[in-house]
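Each remark here refers to the structure printed beneath this line.
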Amino acid sequence: MDLLFDDAAQSFRAEVRAWLGAHVPSEPLPSMDTAEGFEAHREWERIMAADRMSVVSWPTEYGGRDVPLLHWLIFEEEYYRSGAPGRVSQNGIFLLAPTLFEHAHPDQLARILPRMARADDIWGQAWSEPEAGSDLASLRSTATRTEGGWLLNGQKTWSSRSSFADRAFGLFRSDTTAKRHRGLTYFMFDLRSPGVTVRPIAQLDGEPGFAELFLSDVFVPDDPAKPGDSGVIGDVDNGWRVAMSTAANERGLSLRPPGRFLATTDRLVEAWKTHRDTVPSTANVDARVADAWIGARAYELSTYQTVSRLAAGGQLGTESSINKVFWSQWDIAAHETALDLQGVDAELDDAWTDGYLFSLSGPIYAGTNEIQRNVIAERLLGLPRGDR
Ligand SMILES: Cc1cc2nc3c(=O)[nH]c(=O)nc-3n(C[C@H](O)[C@H](O)[C@H](O)COP(=O)(O)OP(=O)(O)OC[C@H]3O[C@@H](n4cnc5c(N)ncnc54)[C@H](O)[C@@H]3O)c2cc1C
């Protein structure tokens, strides 16, 4: 691909930069893992949506600008560089939406996406269960046919943002006679439906960033005459295939665009300029900052390659697992370097300290790095399966 941006890309960058300069709140919003902060972040999403800045690569009819994925990467670079608020809609716009574009009925797109773009519906991901995390196919929550739809039952856990979110998407066993990856169906349901109990779980910082979800006969309509009204994405009993589309986006592209890491690198270089003379040479910070810089740029180039492959009709695949291991490890190393640069002062710096604590979860969410290494070993390198 041509790495020199054309006029259209450059003018898009200038427009996004100017818009963010005029609109990014001057003070950080309260944490989105609190009720107040969640609504403040929803309001920010609405400000973006009003100017079609919330989902730039989507078709215009759903609230986007129909720009190519390459422009979306530019948007993300500018977004992170500007210090704009975190995206409370990220589960919807970065995980569910790409899945819908690939698998949903057009009526479902029309019904769901405009509301998602405006943050009228903020989504939680209801995949993990108490006994099914890495081994997601062992999940036990069920979907049973009933008059006019389905009844969902079971328990989900570690659902980010679901303490305050409006709707959720997850996998349920629809055929109890089928084993493992077969007989699962991908559902969307309302977190305020009768039968849903949301129990917040406090994170390290005490804020309810996660929720446990208890589902008891939660009704999801499924009218075959009006597929757009259905809460099922893709075919019944074929949910694993749909879920792999979500996972590939989560690991391989949309959840962690390079702009995030480029912005962290810029901050790291600034910290290095300020503190490099006071850090003991044993901390080896010069080389670690250089490594972070190289890693962020390597990730940027690799993402451009992914995006040009997708633009040429390709698909995300198991190579997404390599991405996921790379960005999650990079994030920890960059934050550790920043803390080492600041020495004891680091404890006074909330941005780096909070970022460091969050980076530690990177090797766990979106599928643990041990599991990604299994995928890389078995499916990409063709190594024999280990004993399980
Ligand atoms: C910040 C954060 C946000 C999250 N958000 C969500 C969310 O929104 N929705 C959601 O559904 N879930 C979410 N999760 C949950 C996450 O998906 C799970 O924690 C993850 O899949 C691991 O599952 P587990 O916690 O049950 O650990 P386990 O599966 O019990 O694994 C425990 C350890 O054993 C290792 N292990 C397990 N099996 C193997 C194997 N075969 N080979 C080698 N090692 C193995 C794992 O790598 C891990 O280190 C989130 C987690 C975090 C940390």
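The values are calculated or read from the model by the stated rules, or taken from the named source; none is laboratory data. All of these numbers come straight from a predicted model, not from anything done at the bench. Positions of Cβ are generated from backbone atoms using ideal geometry, with glycine treated the same way; all protein chains shown enter the neighbour counts.
Of note:
- Tally, over the stretch 233-260, of residues that are touching a Phe, Trp or Tyr at 6+ places or on another chain (Cβ under 6 Å) and either over 30 Å from R145 (Cα atoms) or β-branched (V, I, T) (or both): 8
- Helices (runs of 4 or more DSSP H) within the stretch 285-388 that include 3 or more residues within 16 Å of the ligand (Cβ to nearest atom): 320-342, 350-359, 369-375
- Verdict on D121 being acidic (D, E), in contact with a helix residue (DSSP H, G or I) (Cβ under 8 Å, 6 or more places away or on another chain) and part of a helix (DSSP H, G or I): no
- Scanning the stretch 252-274 for residues that are closer than 11 Å to A338 by Cα and either outside the structural domain of Q372 (by TED's automatic domain parsing) or surrounded by 20 or more Cβ atoms within 10 Å (Cβ to Cβ) (or both) returns T264, T265, L268, A271, W272.
- Scan of the stretch 110-120 for residues that are more than 16 Å from the chain's Cα centre (by Cα) and surrounded by 19 or more Cβ atoms within 10 Å (Cβ to Cβ), ordered by number: I112, L113
- Matching entry among S174, S159, S163 (being touching a residue at least 60 places away in the same chain (Cβ under 8 Å), in the same structural domain as F210 (by TED's automatic domain parsing) and either within 13 Å of the ligand (Cβ to nearest atom) or more than 15 Å from D237 (Cα to Cα) (or both)): S163
- Identity of the residue in the stretch 163-202, among the hydroxyl-bearing types (S, T, Y) and assigned to a strand (DSSP E or B), that ends up surrounded by the fewest Cβ atoms within 10 Å (Cβ to Cβ): T197
- Pairing residues of the stretch 119-134 that are assigned by TED's automatic domain parsing to the domain that holds F172 with residues that are within 6 Å of the ligand (Cβ to nearest atom) and assigned to a loop (DSSP other than H, G, I, E, B), at Cβ distances under 7 Å and at least 6 apart in sequence or on separate chains, gives S134/T368.
- Failed item, numbered, when M48 is tested on (1) over 17 Å from the mean Cα position of the chain (by Cα); (2) surrounded by fewer than 22 Cβ atoms within 10 Å (Cβ to Cβ); (3) not acidic (D, E): (2)
- With respect to (1) within 18 Å of the chain's Cα centre (by Cα); (2) away from the ligand (no atom under 16 Å from the Cβ); (3) of a type outside the set (D, E, K, R); (4) crowded, with 18+ Cβ neighbours inside 10 Å, the lone exception for Y62 is condition (1).
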